[in-house]
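Following: one structure in structure tokens, then a few remarks.
Derivation of every value follows stated rules applied to the coordinates shown; laboratory data play no part. Note that the coordinates shown come from a computational prediction; the quantities given were computed from them, not determined experimentally. Note that each Cβ is placed from the backbone with ideal geometry, even for glycine, and that neighbours are counted across all protein chains shown.
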Amino acid sequence: MRISTSWAQQLGVNAMNAQQVKMSKTQMQLSAGLTNLTPSDDPAAAVKALSLQESIDKTTQYQENIEVTRARLSIEEGGLQTAENVIFRAKELTVQALNSTLTLQDREAIKSEIDQLLQEMVGVANTKNANGEYIFSGDLSTTPAVAWDAEVGSYVYQGGVNQRVLDIAPERRVADGDLGSNIFSNITSVSQEANTTVNGVEINQRSVFDTLQSLSKALSAQYEVPEAVISGDRFMRLGADYSAPSTTTFDLISDVGRTLTGTNTLSFSPALDYSGVNNADFNLVVDGGAAVPIVLDGTYSSQQELLADINEKISLSPLSGVIEVDATADPIQFKTLSTEISPTLQITATGNGLTDFSAAAGLVGVGQIASPVTVTLNAEYANLDAVVSAINDPSNGLAAIGIEARSNGNNIEFVSTTKGKESSVSIYDEDPVNGSFLTDFGFSTGVTGKGVDLGGGVIGTKVSEVFNYSASTSSPASFELNDEAGNKQIITLDADYGSHDKLIEAIQNQINGSAIEGKIEVDPSANPITFKSISSGTSAAVQINQVSGDFLKDNGFTSGDTGRVFSKTGNDVLADLDTALDNFLRVRTTVGARMRALDDQENQNEKFIVDIQTTLSNVQDLDYAEAISRFNLEQTALEAAQQAYSRVQNLSLFNFL
Amino acid sequence: MASGMLGTAITGLQAFQRSLETTSHNISNVNTEGYSRQRVDLATKDEQMIGVGYLGTGVNVVNITRSYDQFITTQLRSSTAAFGDVDKYSELASQVDDIVADPSVGMEPAIKNFFNAVNDATDDPTSIPARQVLLSETEILSSRFDTMNSRFGEIRDQINTDMVVMADEITSFAKEIANLNVQIATAQGQANAEQQPNDLLDKRDTALNQLAELVDISVVPSNSNMINVFMGKGQILVLDTNANAVITKPTKFDPSKLDVLIRTPSGTEGIVTNQVTGGALAGTLRFRDEVLDPAQQKLGSVAASIAMEFNNIHETGYDLDGVSGDLFFKGQGMGTEVIPVAVSTTNSTGSSITVMFDKNNIKNIDSSDYMLEVSNGPSYKLTRVSDNSFITLTDSGGGTLVATDPATLPGITINSTGLTAGDSFLIRPTFTAASTIEQNITDTRKVALATNKALDSNGVEYDVKGPMPGDNRNGLLLAGLESTQSMLGGTATFQGGYGLIVSEVGVLTSSAKIATAAQETLLNNAKDAWGNVSGVNLDEEAAKLIQFQQSYQAAAQMISVSNVLFDSLLGAVN
């Protein structure tokens, strides 16, 4: 065995090199504090460290999201608390106002505070967060949640339709607020004014603003009869494009009653006898379809009996659910029930009988039904107002059928220009369907809105049967009619009027020219007798008081009967405020639950991060004790290699020659 | 008698002088690379019959030989080639290894920061600063992709330069060996077969060794002590006195890649890229095919996946002004930009294909390049270059090529016009994706974080017209992409896809380092063995020096003795 001198030298150098490489690596590990400096040191650990670091970063982001959400929910909770306090105070004031000893002036004082509370409630609804976003406006966070709409005459919700949610954990999302519409607007109401329909569904909901506003108005004795309204349920504030080829048409009808009214008032003394050979029969024809025969074969002693029997016969016929007879109207009145556009209702004679209901031509023939007005939209409309004015354009002729369109913030409403229960609005898609207006704006075809009667009148409970007040011991029969403003008139009846119509005519004649003219009227066709307030504002109420005689008794009135007074509104408002309070509490509870969920998730995330960090540390962090002792060992080895080299280099035979 | 003695002594003097000269030569060349120590072979001179018997007449120098072991030399050469291969591979792979793990260049922090910015913008969809941060992070993300891609490009430039240099070196070594062959043959002609031009042979062995560092060679002896040298899998490099040249040329489809060719003196060229084995050249080629190209392609696939998935959701959303979302990222295969396709120079006129990323199938995006070949029928074959598996395509009408077997294309769509049999195209969906993909949106208001969807009372979903500034639902979908397994056929997240690059590069580098250590040991063993046989040991030479000096002195003493004897004889006569 022999060793080459240069190789022997190289071996020494190699040994020192190897030790220096090791030392340098340990030194880099020490300075970085990491076990693995490059992925190749331990590829599996490198990838594991990447994914662990990613988990930590992602969870840290979730923690940030939780912080943001918590801050927003805190603001919301504060707002809700204020709203609850407003409700508490409003309830106190309402109870106070219901005290019957208060005068109109006392109520006016309360009204001014209610107005302040209303403003405060609006302020709450338009609360902003730190970024200047309206927290109750959902995804339309740059728009105030509620705003005064002069056209509608109330505060309308104009925020978005979706609530923002944030990720707080994988597969776990939390809403960072609530939609103002769910908190302030869609509150179940017992008030008749709330009797609104959205897309044909009766919802009986009213906003807390409307509740406070109606309270405020009632306190100054203003009662407004609501009109029939139908509204769409889609967010359409920014209009729609109906320029060709997207042109769309739809039909509006104001009178869904589609009645066919006879011309004769029947007499039931003696009773009508259609039994046996006297059978009265006639045909009903809807939309030019098959004639459906109705045969009357009973003996009838009153209008009600007759009408009830006709309805009974209709219900057994194929027209059940399509047509009915008004249960009280006199002369007789047929109505269609279907919400389809039925252009005609026809009644034809088949034998005898009909002449009793009607004058010669009377009911025989085609009954007139309100014609639909077809509205065509054929341009691009930049916003809702543009759509509204296009629909209301005089050329469409909506005025003729007493309907107008208006915006209610985010959508369109079709409103009857007449008020009260007689008003109605229906919307239809033409057949065949032309365009997409109904779908776009969230209407269903055939949707009908009807007005309600706020009870601005008093109605007797008996059908008039006594018409003679001349010879009675109690003659004259007299009573007093009051409106809430203090206008009054005593009506005196002292003759034999002979019939319902004459009696009513006599009463109306006495009203005419009195202090209550234009304020109160007697319904010319209603039986039982109905006194109606025909004014609005401070005098929109009717009270009937006994003076003398039996008129009240005969017609089923009680002295002091009052239509539409503050107590009704006040009690409705009280109930509605309770519901609103419940609603706020419910939302606050969900906010609390969400905050708890945030805390809970935050703790979980925190623990997760700590756990992962521990694992990550095990994977990538350097064991310093081990590394330092290794470094010392390597240092020793290097010194040994250096010494060995120098010793070997000194060994040469030439030294000894 | 005295003259015989004098003659004998002179042969000794001459022999030991040669020995001393050789020892001196050995000592002088102790540090000469590849030098094999030499030895003077002595033999007795022809003896002389002097009647009583045969009388020795001294010593003869019969040969000067080098200590040489054919087996050990071959061993050293093959070890050198094997080490050169893994060492170069390991050195280059370490560069990529460093890049992918470097926090200032690596993608992991950039992807994470990007999605954090998406989250923050989603938390505050109306906040312009949050949107601005998102756009800045997007720019950082795309520039990170670009930076890493150009780092890969720099490495590719570097290995291209390396390859050119190595080819030149191989060529010059081949020439040197051919020249040495000439010299050795000439020298050999002046001597008998036993007597060899040791230093020339050492020089040739050294040249062969240096050549083996670059490429694996096999050596076959030829006439007149010449050798033939073959590289790789048997490509002729040196044939006796003729040397071929090794050159590099851009590949057919990709000018950024070089092929290795052998050029004969007559000018015939042949591509031998796939025949190169061993040595630094093979290490470089292996690195390019196994580490660099796949890493760059995988990086491209991560970039394309993020961009396409993000675009898909972003385009369905609505921005701050209620306008439907634009492309969030732009780049090859998106919008109007096409995926690069290299066209064969032999293709028929008017044939072309347009390749785009398939937005409905982006999860199947594959990092390999694909070769589209048209044969008679026409039938279409799409070959996956990385493993030569293929997909059969058919024209579904209008030139749209769809996959029939297997039924899925790798995340791309192919539209063609005028294809005829014999046409071929190289489709590179991911190779340059990381550099071409960049942010498309620069206006903060154009980030589409809203979906503008709402439900009506019938539960029917509809699109809301107009701006919904507080709507963050599209943002939630975008942020959710981070956790969505939308890569590798729906089995990995973006980070997972990137992690795959890190782990693959890490594993390859790690195994290369281990192989380098092993080969280094084998090389050192071979060098040790070679040194043991051929190396110069100064102690040994010193001993020889003393030995030959003493022998020389003894022989000189013989002359002195013979002089004394002669003088004695003269004195006796006088």
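Relative to the longest principal axis of the Cα atoms of chain B, helix B:494-534 runs at roughly 0 degrees.
For the protein assembly as shown, the spherically averaged projection of the C-alpha convex hull amounts to 76.6 nm².
Counting only the backbone N, which residues of the stretch B:533-574 are under 20 Å from the spot 7 Å out from the Cα of B:Met5 toward its beta-carbon? Within reach of a label on B:Met5, which here means backbone N under 20 Å from a point 7 Å along Cα→Cβ, the stretch B:533-574 contributes B:551-574.
With a 10 Å cut-off around each Cβ of A:139-146, the average count of Cβ atoms from other chains is 5.
The mean count of C-beta atoms from other chains within 10 Å of the C-beta of residues in B:500-508, rounded to a whole number, is 5. In straight-distance terms, cross-link reach from B:Lys249 covers every one of the lysines whose alpha-carbon lies under 27 Å from its own, apart from those fewer than eight places away in the same chain; here that gives B:Lys88, B:Lys175, B:Lys233, B:Lys257, B:Lys298.
Round to the nearest 0.05 the FRET efficiency obtained for A:Ala130 and A:Thr615 when R0 = 45 Å and r is the Cβ-Cβ distance. According to the calculation, E is roughly 0.80. Counting neighbouring beta carbons within 10 Å and listing from fewest to most, the residues B:Ile365, A:Ile323 come out as A:Ile323, B:Ile365.
Sorting B:76-84, A:391-399, A:83-91 by their mean Cβ neighbour count within 10 Å, with the most densely packed peptide first, gives B:76-84, A:83-91, A:391-399.
For chain B, the longest principal axis of the alpha carbon atoms and the long axis of helix B:128-189 meet at an angle near 20°. Residues within the reach of a label modelled at B:Gln547 (point 7 angstrom out along Cα to beta-carbon, backbone nitrogen below 15 Å), restricted to the stretch B:53-90, are B:65, B:67. Placing unit charges on the Cβ atoms only, positive for Lys and Arg and negative for Asp and Glu, gives the stretch B:198-256 a dipole magnitude near 280 debye about its Cα centre. In this calculation the C-beta distance from A:Val295 to A:Lys488 is compared with R0 = 60 Å, giving a FRET efficiency of 0.70. Per Stokes-Einstein, at 37 °C and 0.692 mPa s, what whole-number D in µm² s⁻¹ belongs to chain B, with the Kirkwood radius over Cα pairs as the hydrodynamic radius? Translational D for this selection: 110 µm²/s.
Using helices alone, what [θ] at 222 nm do you get for chain B, with -39,500 (n - 2.57) per DSSP H run of 4 or more residues, divided over all residues and rounded to the nearest 500?
-17000 deg cm²/dmol
Legend: calculated FRET efficiency, B:Thr408 to B:Asn31, from the Cβ-Cβ distance at R0 = 56 Å, rounded to 0.05, equals 0.30. In the protein assembly as shown, a dipole from Cβ-located charges (positive for Lys and Arg, negative for Asp and Glu) runs towards its positive end, and of B:Ala193, A:Gly289, B:Ile170 it is B:Ala193 whose Cα lies farthest in that direction.
For the stretch A:19-33, backbone nitrogen atoms closer than 16 Å to the point 7 Å from A:Tyr624 Cα along Cα-to-C-beta are found at A:27-33. Counts of other chain beta carbons within 10 angstrom of each beta carbon in peptide A:227-235 average 3. So if each residue of separation counts as 0.36 nm, and I subtract the Cα-Cα distance between A:Gln119 and A:Glu517, what length gain in nm does that give? Between A:Gln119 and A:Glu517, full extension yields 139.5 nm more.
Per residue, the convex hull spanned by the alpha carbons of the stretch B:73-205 comes to 96 Å³. Packing around the peptides A:515-526, B:88-99, taken as the average count of other Cβ atoms within 10 Å per residue, puts them in this order, highest first: B:88-99, A:515-526. For the peptides B:151-164, B:326-339, A:401-414, the ranking by packing is A:401-414, B:326-339, B:151-164, with the highest mean count of neighbouring Cβ atoms within 10 Å listed first.
The distance linking the stretch B:508-565 with the stretch B:65-126 is 41 Å (Cα centroid to Cα centroid, whole angstrom). In summary, the lysines within cross-link reach of B:Lys446, defined as a Cα separation below 27 angstrom excluding same-chain residues under 8 places away, comprise A:Lys58, A:Lys128, B:Lys112, B:Lys330, B:Lys359, B:Lys363, B:Lys465.
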